[in-house]
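Read the structure below first, then the notes.
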Amino acid sequence: NGKLKKEELKKQILNMKKMGFGGAFLHSRSGLKTEYMGEEWLDLMDYCVQVLKENDMEAYLYDEDRWPSGTCGGYVTMDKTLRCKSMLSKELIDDTLPENLLGVFAVKLNAEGKCVSYRKIENYQQVEQGEKPYAFYWREAQGDDPFFNGQTYIDTMYKPAVEKFLELTHEKYKAVMGDKFGKEIVGVFMDEPNRGPMLNGFSRIEPERFDEVPYTVALFEEFEKRMGYKLQNHLPVIWFGKESDPFVKETYDFLEVVQQLFVENYAMPYYEWCEKNKLCLTGHILHEDNLACQVTMCGSIMRFFEYISYPGMDNLGSESTFY
């Protein structure tokens, strides 16, 4: 963090050496004043690798400006088509429909808010007694989030977004210090990529964030190809569940498809890039805590970990937490 200087970076590495560490992760932190991935940053990271080598220590690159991995400090999502996307629901009170409409439904809910029935309609006036009109739509994440340097997170289920991230981050490192890959530079650390929140609002700034579920532009096409039916005909149960059954197959299938898209379009090309360039891929993804946490942001983490050379996890807390 702060304005990086060679003497301070060397001092920190030597302190790590004295403490018995065998290497270091070159990790941007909050408060960084040196331009992330600029020429000075790359020069200083190359210098750190040299100091580590001189002290018989291993160097690992870190792939993001803080976390979560994927935006190159916000540079990737300056292209709005690469931003993360969500589906949302909205109860209609007039004929005004949201942009990027996916469907309008007449929905009958019980006292607990579970779906009793649902059917497609054209407008809010077509509801019958006991029904409410809901519109379902998608949108890109809103910009100006300071955590993403005024941008947003990426669509990790969309391969072009991931390819742009690798181009702006990994390929830049390779251009400057690729001759050290697999030698002085052992690997790269991936930190908390995710496929977007499932009705929990995590990492979002929008007022409706607790209503969001993951979306990508190819979702419906891929869903029908993989599951054999149209998800867009069953959108209400994703939000409201079913009165008749606590297990909602459509939601289960939806989570399975976004899991597959996340692994295929983020984990696999990232891992393949590292393998091709002789780097060990280590790190972790968001919310490993338990299965419920995993489902809200990523799905089953073990299926993602297949494509990490050395899977890791967060283990943060006070001393009392660990004992």
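The values are calculated or read from the model by the stated rules, or taken from the named source; none is laboratory data. Since the structure is predicted, the reported quantities are computational estimates derived from the model, not experimental observations. Every residue, glycine as well, gets a Cβ built from its backbone with ideal geometry; the counts of neighbours run over all protein chains shown. We work out accessible area using only protein heavy atoms, side chains counted, and drop any ligands, DNA or RNA first. Shrake-Rupley method; radii C 1.70, N 1.55, O 1.52, S 1.80 Å.
Determine the shape class of the range 162-246: with a ≥ b ≥ c the square roots of the Cα gyration tensor eigenvalues, call it rounded for a/c under 1.5, and otherwise prolate if a/b is greater than b/c, oblate otherwise.
On the way: a/c = 3.30, a/b = 2.28, b/c = 1.44.
Verdict is prolate for the range 162-246.
Available extension along the chain between residue 272 and residue 123 is 48.9 nm, counting 0.36 nm per residue and deducting the alpha carbon span. Simple spin-label estimate for residue 289 and residue 91 gives 2.9 nm between the two label positions (7 Å along the Cα-to-Cβ direction from each Cα).
Restrict the search to the range 1-102; then list the trypsin sites (Lys or Arg not before Pro) that DSSP places in a loop and that have at most 13 other Cβ atoms within 10 Å of their Cβ. Intermediate values should be presented prior to the final figure.
Values: sites: 3, 5, 6, 10, 11, 17, 18, 29, 33, 53, 66, 80, 83, 85, 90; in loops: 3, 5, 29, 33, 66.
In loop regions of the range 1-102 (DSSP not H, G, I, E or B), the sparsely surrounded trypsin sites (Lys or Arg not before Pro) are 3, 5, 29, 33.
Annotation: amide H-H contacts under 5 Å for residue 151 (H modelled 1.01 Å from N, sequence separation of 5 or more, or interchain): 144, 145.
Taken over the range 113-231, lysine pairs spaced eight or more positions apart, or on distinct chains, with alpha carbons under 24 Å apart number 16. Which trypsin sites (Lys or Arg not before Pro) does the range 167-257 hold that lie in a coil by DSSP with at most 13 other beta carbons within 10 Å? Passing sites in the range 167-257 are 183, 230. Mean projected area of the Cα convex hull of the range 234-322, taken over all directions, amounts to 8.0 nm².
At a probe radius of 1.4 angstrom, the accessible area of the chain per residue rounds to 49 square angstrom. Taking amide hydrogens as placed 1.01 Å from N in the peptide plane, the amide H of residue 117 sits under 5 Å from those of 108, each at least 5 positions away in sequence or on another chain.
I'd like the GluC sites (Glu not before Pro) in the range 62-120 restricted to DSSP loop residues with at most 16 other Cβ atoms within 10 Å, sorted by number. Those that pass, being in a loop and sparsely packed, are 99, 112.
Helix-derived [θ] at 222 nm for the chain: sum -39500 (n - 2.57) over DSSP H runs of at least 4, divide by residue count, nearest 500? Counting only the DSSP helices, I get -9000 deg cm²/dmol. Averaging the sequence gap over all C-alpha pairs within less than 8 Å and six or more residues apart, then dividing by the number of residues, gives the chain a relative contact order of 18 percent. For residue 287, the accessible area of its heavy atoms, probed at 1.4 Å with every protein chain present, is near 40 square angstrom. Think of the chain as having a plus end and a minus end, set by charges on the Cβ of Lys, Arg, Asp and Glu; of 154, 109, 205, 154 sits farthest toward the positive end of this dipole. Altogether, the Stokes-Einstein calculation at 20 °C and 1.002 mPa s, with the Kirkwood radius of the chain over Cα pairs as Rh, returns a diffusion coefficient of 99 µm²/s. Given their separation in residues at 0.36 nm each and the Cα-Cα distance between them, residue 80 and residue 11 gain 20.8 nm when the chain is fully extended.
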